[in-house]
1. List the trypsin sites (Lys or Arg not before Pro) in region 5-108 that DSSP assigns to loop (not H, G, I, E or B) and whose Cβ has at most 10 other Cβ atoms within 10 Å. Which are they?
2. Compute and list, largest first, the equivalent-ellipsoid semi-axes of region 253-465 from the alpha carbon gyration tensor, each √(5λ) rounded to a whole angstrom.
3. Which cross-chain or sequence-distant (5 or more) residues have an amide H under 5 Å from the amide H of His368, H modelled 1.01 Å from N in plane?
4. Over region 392-470, with every protein chain in place, what whole percent of the accessible area is carbon and sulfur at 1.4 Å, could you tell me?
5. Given the Cα-Cα distance of Ser390 and Lys432 and 0.36 nm per residue of separation, how much length would full extension add, in nm?
6. Mind grabbing the accessible area of Thr94 for me, 1.4 Å probe, Å², rounded to tens?
7. Under the rule of at least 5 residues apart or a separate chain, name every residue whose amide H is placed under 5 Å from the amide H of Val181.
8. Could you put Asp44, Asp446 in order of accessible surface area, largest first, with the 1.4 Å probe and the full protein assembly present?
Amino acid sequence: MAQYDVKICCMGAGYVGGPTMAVIAKMCPRIKVTVVDLSQKIIDAWNTGNKLPIYEPGLEEVVAVGLKRGNLVFSTKINESIAEADIVFISVNTPTKTAGIGAGRAANVKNCELCARTIAEVSTSDKIVVEKSTVPVRTSDAVRAVLEHGAKPGVKFQVLSNPEFLAEGTAVPDLETPSRVLLGGMQTPEGLKALETVVNVYANWVPRDKILTTNLWSSELSKLVANAMLAQRVSSVNSISALCEATGADISEISRACGTDPRIGPKFLQASVGFGGSCFQKDILNLVYLCESYGLRECAEYWNWVVQMNEYQKSRFSLNMVRSMFNTVTGKKIAIFGFAFKKDTGDTRETAAAFIARDLVEEQARVHVYDPQVSRESMFAEFKYTLNLSEETKPGLGELVVTSPDAYSAAQGAHAIAIATEWDEFKTLDYKKIYDSMAKPAFLFDGRNIVDAAALREIGFTVYSIGKPV
Ligand code: NAD
Ligand code: UGA
């Protein structure tokens, strides 16, 4: 039997728990990592090694290392795995509350509390409990209280905060060479000792100067602020894209001109149809709610506008489509290229594509969607979860929205194409062939500014890009 220096259990085998733990197992042969989840289906998929529950470039290879070596285990044996662990990560979903106090803004930390209750109940030895989920500042107080009140006699817990900064589509490089690892803990001798233990895990592959340690509250809050600042850059550039369309300036030229200033930097200045993903909106609303809770109305309003601007950008895109197509899309076939919230992921949570499809379907258009990684099942789950759009609320939805096997069949006979996700394959399609197969005039609305608009106009397309002259 292999002897391990440290045993880790991670509760939650989702987009964060799975990749993060797979990288720890790969980088630390002397650590045993067990990832547990309530869902047998998800655990079974991780154990296949090649039909993982999420699509993430390079992830299969990383998972294979741990599974083959035996120090990475996916299991539904939650209690046993916690009991044998020295460190327990909580990496469960913390969605926006849909009912009760703070509904629509506050984060629901129910899953974190349930994890803490389970940990307290089944632990017979001391443990370090690490919050990896994104949570409102001071959640660790609640986690600590639940652990302390539920602890068996003599069992001690230390709670740390270790928010995750990976982005989907680049999770593997983000985890293998992170910009930083953030760890927050109580500034007591026991808290500092626990911090050092987890610092030593990451120090197996992350340079020490990139492992930042702070107090608990700074760590929790930094995560919300990092996401809010990234999203704010996208909303800022998107707000200027509207001004560009009104004035004849070009948003790409503005992003380059501004991003070349090292104080501004070039990243996250790509104008788009609007940001999506499971976290930006959720985390900003969480921040807004926190500000409101502390009576900081102006601060709350300031951040809330980042979300409002995003809503505006999404609706502006659909509105422009309908207006440009002679104010009616009723009965027209429209192709949507891409449904994931960004390229290189199959994740559809909060994707702008769903909002565009919803708006077009409201106008009785026939929408044909092609995405290389999104199944029809996930698409309809997203319609239902985020937009309350289903066969019950919109009879005939299943016929109005068709999933196409490729971009060419999605565009065949269509009046327009809307590019919603920046998949690389959309840059190199045979647009002449596509144009010839479409109804005329053939429109293309590039929600990601990835195609060569001038070349497409040469072919005959009427092209609208974000923040660029028509
Ligand atoms: P997810 O929905 O993909 O995965 C969460 C998993 O936790 C699910 O599989 C669920 O079944 C499981 N779970 C829930 N309660 C459980 C319990 N009591 N015991 C065991 N398993 C349980 O979520 P995610 O995208 O991995 O996000 C997790 C957290 O990390 C969130 O707080 C999120 O804000 C944050 N985060 C996400 C990303 C991202 O890219 N998705 C990046 C950074 C941070
Ligand atoms: C984001 C952050 O980048 C991660 O650091 C963070 O850990 C994560 O949220 C999280 O907490 O969940 P992610 O949502 O996976 O990661 O992807 P991003 O690359 O940030 O893109 C978010 C959205 O913004 C996408 O819809 C993307 O297309 C859009 N975006 C991004 C733009 O429209 N323009 C840009 O310039 C950049």
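1. Qualifying residues, ordered by number: Lys51.
2. Values: eigenvalues 179, 101, 46 Å².
Ellipsoid semi-axes (Å, largest first): 30, 23, 15.
3. Hits under the 5 Å cutoff: Ile334, Ala335, Ile336, Val402.
4. Of the solvent-accessible surface of region 392-470, carbon and sulfur hold 52 percent.
5. So the chain would gain 11.6 nm between Ser390 and Lys432.
6. 10
7. Ile211, Leu212
8. Numbers: Asp44 75, Asp446 0 Å².
Listed by decreasing accessible area, they come as Asp44, Asp446.
The values are calculated or read from the model by the stated rules, or taken from the named source; none is laboratory data. Please read these numbers as outputs of a predicted model, since none were measured by experiment. When we count neighbours, we look across all protein chains shown, and the Cβ atoms used for this are built from the backbone with ideal geometry, even at glycine. The area values use the complete protein model at the heavy-atom level, side chains included, leaving out ligands, DNA and RNA. Shrake-Rupley method; radii C 1.70, N 1.55, O 1.52, S 1.80 Å.
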